[in-house]
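To start, the structure under review is shown below, and the notes come after it.
The values are calculated or read from the model by the stated rules, or taken from the named source; none is laboratory data. Just so it is clear, the structure is predicted and the values come from calculations on it, not from any experiment. Note that each Cβ is placed from the backbone with ideal geometry, even for glycine, and that neighbours are counted across all protein chains shown. Areas reflect the complete protein model, heavy atoms only, side chains present, ligands, DNA and RNA absent. Shrake-Rupley method; radii C 1.70, N 1.55, O 1.52, S 1.80 Å.
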Amino acid sequence: MRKKRVTALLCAVVFAAAGLTGCQGTEVPAAVQTDAAEKESAAAGGTEGTKEAVSDSVIVTMPSTSEPEAGFNPVYGWGAGEHVHEPLIQSTLTTTTADLKIGRDLATDYSVSEDGLTWTVTIRDDVKFTDGEPLTASDVAFTYNLCVENSSVNDFTMLKEAVAVDGTTVEFHMNTPFSIWPYTMAIVGIVPEHAYDENYGQNPIGSGRYIMKQWDKGQQVIFEANPDYYGDEVKMKKLTVLFMDEDAALAAAMAGQVDVAHTAASYADQVIDGYGLLRVASVDNRGINLPVDPPGERDGRPAGNAVTSAIAIRRAINIGIDREEMIANVLGGYGTPAYSVCDKMPWYNAAGQVEYDLEGAVKLLEDAGWIPGADGIREKDGIRAAFTVMYTPGDSVRQALAEDLANQCAGLGIEVTTEGAGWDVAYDKALTQPLVWGWGAHTPMELYNIYHTQPDTGSAEYSPYTNSAVDSYMEEALKATDLEASYELWQKAQWDGTTGVTQEGDIPWVWLCNVDHLYYVRNGLQVAEQKIHPHGHGWSIVNNVDQWEWDGQ
């Protein structure tokens, strides 16, 4: 931590002296330096012209990984995928509200047939793309059909085809009922059929709040307000996003070069003149899978674990780790305990929450016959309570969580060894040993992806587990014709009073913490209230940038 801080301070010195570059090869463009200097001048009481010029623009940093590899094309993942966010440039049919319910953007109405196989959506008739052409139902159908054919980021296998019935009505014909379709409609930006080609992601045309004016790959992207936007007035007229790592972002803030800088808990104790720390709650969780099956094979690969297959081990770990202590040690207090993959979501079942109970955890192990051996590690039937927990190399938070987990498990008489494992091998290895994962999305499909049995393997996708009752609840939830009514079924999949994936159920995963998303924000900038952020410390912060304001604006 000390080394990182020293590095950041050295970078800040370079910034201040040269006003030019950030750490790790990230360069702050000259225009951004000028904009930042004007903001500082305005804050110090500059001319009226200077104040007016900077009162409607903002400079935000994001991790280098937030830059979309395929460009700003919704068909290839812009706005979707692991780091779900609003696409800004394009309009969507629906939106998610502050409480993660469904709102409307282009859609004025939508309904689903009794068999769940046809969704009918009516859209506004007053929307134009930024080239002046009207947005119609044909563009909507075109976009979704492209996603069916080409998307490698989001799953569209449930959609058979989209059909434009008339200029303002589109039908989605489904292969299978999918009650949570409105959440998919909230992240798919609509592209223009008349102006779409293989270069669309580099020069996107949309109908959303912003127009992409400039993209310097590996460095920055600049958005300007769409003057013909049909929605509420866009207050922040210009958004500049700089792609840089945390060290460089911190240095940029210390040098006054940016307005919002993403940061990590390890840097959050820094005091930067002219900035405050913004803490945003998230469902960006970290947890470990615990293979439920005993050792065996799955598709010719090793699967299962002799220790974690014991339910007493899994339940003891779940209540025998002090999540608050872990958050204090690893995240500096910037996080909340996690008890599921969907804490705080409308479909979360609070029955998953447990209290830290070290004595209760020990009793579970003792009652199940796990007795301490000569070295203090518990044993049963000749099996030592010992296993390995993996983490992805280069992710210091996941490594620290793994180490903290190992320390706490030692107090239970369980020996945990930690091991770095890249994603090229981690997925296969997770079939036999726990891995520290990161999840968290604005859709209940996350539960399905983690816990539902795969028909081709007879087990859940990421870790050996199957429960027919859990599967049944999730399948019923997807077939429901009332979205909000389906929430109860998702909750029952977690725990129905008899079975499920919580402490009194199978507990195939143990959830550790939700990581707060942290930002240094320049004084005077009013960042609009944030929805709970999903996994990924990137574009979510600017979901509502159009409603940000500077004091006195």
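Please report the relative contact order for the chain, taking Cα pairs under 8 Å with a sequence separation of at least 6, and give it as a percent rounded to a whole number.
20
Show me, for the range 303-311, the HN-Hα J-couplings you get by feeding each phi into the Karplus relation (A = 6.51, B = -1.76, C = 1.60, θ = phi - 60°), rounded to Hz, glycine and proline as x.
Karplus values, whole Hz, x for Gly and Pro: 8, x, 8, 5, 8, 6, 6, 7, 5.
Dipole magnitude of the range 469-553 about its Cα centre, charges +1 at Lys/Arg Cβ and -1 at Asp/Glu Cβ only, in debye to the nearest 20?
320
At a 1.4 Å probe radius, carbon and sulfur cover how many percent of the accessible area of the range 448-553?
42
Using θ = phi - 60° and the Karplus relation 6.51 cos²θ - 1.76 cosθ + 1.60, list the HN-Hα couplings for the range 340-357 in order, rounded to whole Hz, with x at every Gly or Pro.
Per residue, the Karplus-derived 3J(HN,Hα) values read 7, 7, 9, 3, 6, 7, x, 9, 6, 9, 5, 5, x, 6, 10, 9, 5, 8 Hz.
Of I311, M390, V470, which is farthest along the charge dipole of the chain in the positive direction, counting Lys and Arg as +1 and Asp and Glu as -1 at C-beta?
Farthest towards the positive pole: M390.
What is the set of long-range amide H partners of C513 at a cut-off below 5 Å, with H atoms built 1.01 Å from backbone N?
R286, A338
Rounded to the nearest 10 Å², what accessible area does R279 show when all protein chains are kept and the probe is 1.4 Å?
Probe radius 1.4 Å; accessible area of R279 about 120 Å².
Could you give the accessible area per residue of the chain, probe 1.4 Å, as a whole number in Å²?
Result: 40 Å² of accessible area for each residue.
Okay, which of the range 322-337 sit inside 18 Å, backbone N to the point 7 Å along the Cα-Cβ direction of D269?
From the range 322-337, the list is 325-335.
Which length gain, in nm to one decimal place, applies between S113 and D471 when the Cα-Cα distance is subtracted from 0.36 nm times their residue separation?
My answer for the length gained is 126.5 nm.
Pop the C-beta distance of K363 and E484 into the FRET formula with R0 = 41 Å and round what comes out to the nearest 0.05.
The pair K363/E484 has a calculated efficiency of 0.55.
Beyond 19 Å between alpha-carbons counts as too far, so tell me which of K217/K531; K363/K492; K101/K235; K160/K479; K213/K238 fall in that bin.
Listed pairs above 19 Å: K217/K531; K363/K492; K101/K235.
Taking amide H positions as placed 1.01 Å from N in the peptide plane, with prolines and chain starts having none, which residues 5 or more places from T502, or on another chain, fall under 5 Å of its amide H?
I507
Evaluated at 25 °C with a viscosity of 0.890 mPa s, what Stokes-Einstein diffusion coefficient in µm²/s does the chain have when Rh comes from the Kirkwood expression over alpha-carbon pairs?
Roughly 98 µm²/s, to the nearest whole number.
What does the highest-first list of 409-419, 290-300 look like by mean Cβ count within 10 Å?
The most tightly packed comes first, giving 409-419, 290-300.
Explain nothing, just the number: dipole magnitude of the chain about its Cα centre with +1 on each Lys and Arg Cβ and -1 on each Asp and Glu Cβ, in debye rounded to the nearest 20.
Dipole of the chain, to the nearest 20 debye: 1240 debye.
Going by a ≥ b ≥ c, the root eigenvalues of the Cα gyration tensor, does the range 398-553 fall in the rounded group (a/c under 1.5), the prolate group (a/b larger than b/c) or the oblate group?
In terms of gyration-tensor shape, oblate.
Please label the shape of the range 347-415 as rounded, prolate or oblate, based on the square roots a ≥ b ≥ c of the eigenvalues of the alpha-carbon gyration tensor (a/c under 1.5 means rounded; beyond that, a/b larger than b/c means prolate, else oblate).
In terms of gyration-tensor shape, oblate.
If I take every Cα pair under 8 Å that is 6 or more residues apart in the range 319-395, average their sequence separation and divide by the length, what percent do I get for the relative contact order?
25
How large is the charge dipole for the range 164-216, taken about the Cα centre, if only the Cβ atoms of Lys, Arg (+1) and Asp, Glu (-1) carry charge, to the nearest 20 debye?
With Lys and Arg at +1 and Asp and Glu at -1, about 260 debye.
Need one number: % antiparallel among DSSP beta bridges in the chain, to the nearest 5.
80
Which FRET efficiency value, to the nearest 0.05, is calculated for E355 and D395 with the Förster distance at 25 angstrom and r the Cβ-Cβ distance?
0.30
Given a 1.4 Å probe and the protein chains all in place, what does the accessible area of T122 round to, in Å² to the nearest 10?
50
Cα gyration tensor of the range 94-164, axes a ≥ b ≥ c as square roots of the eigenvalues: rounded (a/c below 1.5), prolate (a/b > b/c) or oblate?
Taking the square roots of the gyration eigenvalues as a ≥ b ≥ c, the range 94-164 is rounded.
Sequence gap at least 6, Cα distance under 8 Å: using those rules, report the relative contact order of the range 386-537 to the nearest whole percent.
This gives 16 percent for the range 386-537.
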